[in-house]
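What follows is a short report on a single structure.
The values are calculated or read from the model by the stated rules, or taken from the named source; none is laboratory data. In this text, all values refer to a predicted model and were calculated from it rather than measured experimentally. All Cβ positions, even for glycine, are placed from backbone atoms using ideal geometry, and neighbour counts span all protein chains on display. Please note that ligands, DNA and RNA were not included when accessible areas were found on the heavy atoms of the full protein model with its side chains. Shrake-Rupley method; radii C 1.70, N 1.55, O 1.52, S 1.80 Å.
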Amino acid sequence: FGATYINFTDSDNTLFPDYLFEMTKAIKENGVDFGICKIIHFGPLFKNVAPLIPWVLEGYPELYKIDTIQVLAKVPCLYDIGWEQVYGHCSDGITYERLGKKYKWFHVDKILGIHW
């Protein structure tokens, strides 16, 4: 596979300088397949999830509870489950639900990025 880990980040995301260090450390120390960190999210989010913006999105591998940048995963795990592409902005939540049901994860209790 070449790379060990994968993260999906685009133009409205900012990863903090310690993101890779904190996430890879958590994955290695806890013997898991992927890590999920907290981020500051400026929306849009569904009102039942985040009534106020900005919001600290805790991150859980469930639809409406996770943003793409919150996850750093081992490459073979994401290749195994594939990336959901049919459901637009919900695709990351659906993908990470599948990942969480099949692979072990650890919640990194730090804010490591921003979704603008």
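Accessible surface calculations at 1.4 Å, restricted to protein heavy atoms, place the chain at 57 Å² per residue. Each other residue within a Cβ distance under 14 Å of His115 adds +1 if Lys or Arg and -1 if Asp or Glu, for a net charge of -3. Using C-alpha pairs under 8 Å with a sequence gap of at least 6, the mean separation divided by the residue count of the chain gives a relative contact order of 41 percent. Expressed as a whole percent, the accessible surface of the chain that belongs to carbon and sulfur atoms is 58, based on a 1.4 Å probe.
Projecting the Cα atoms of Asn13, Ile53, Leu112 onto the charge dipole of the chain, computed from C-beta unit charges around the Cα centre, puts Leu112 farthest toward the positive end. For the chain, the equivalent ellipsoid built from the Cα gyration tensor has semi-axes of 21, 17, 13 Å, listed from largest to smallest. Each peptide in 19-31, 78-90, 60-72 gets a packing score, the mean of other Cβ atoms within 10 Å over its residues, and the list from highest to lowest is 60-72, 19-31, 78-90. The charge dipole of the chain, taken about the Cα centre with unit charges on the Cβ atoms of Lys, Arg (+1) and Asp, Glu (-1), comes to about 240 debye, rounded to the nearest 20.
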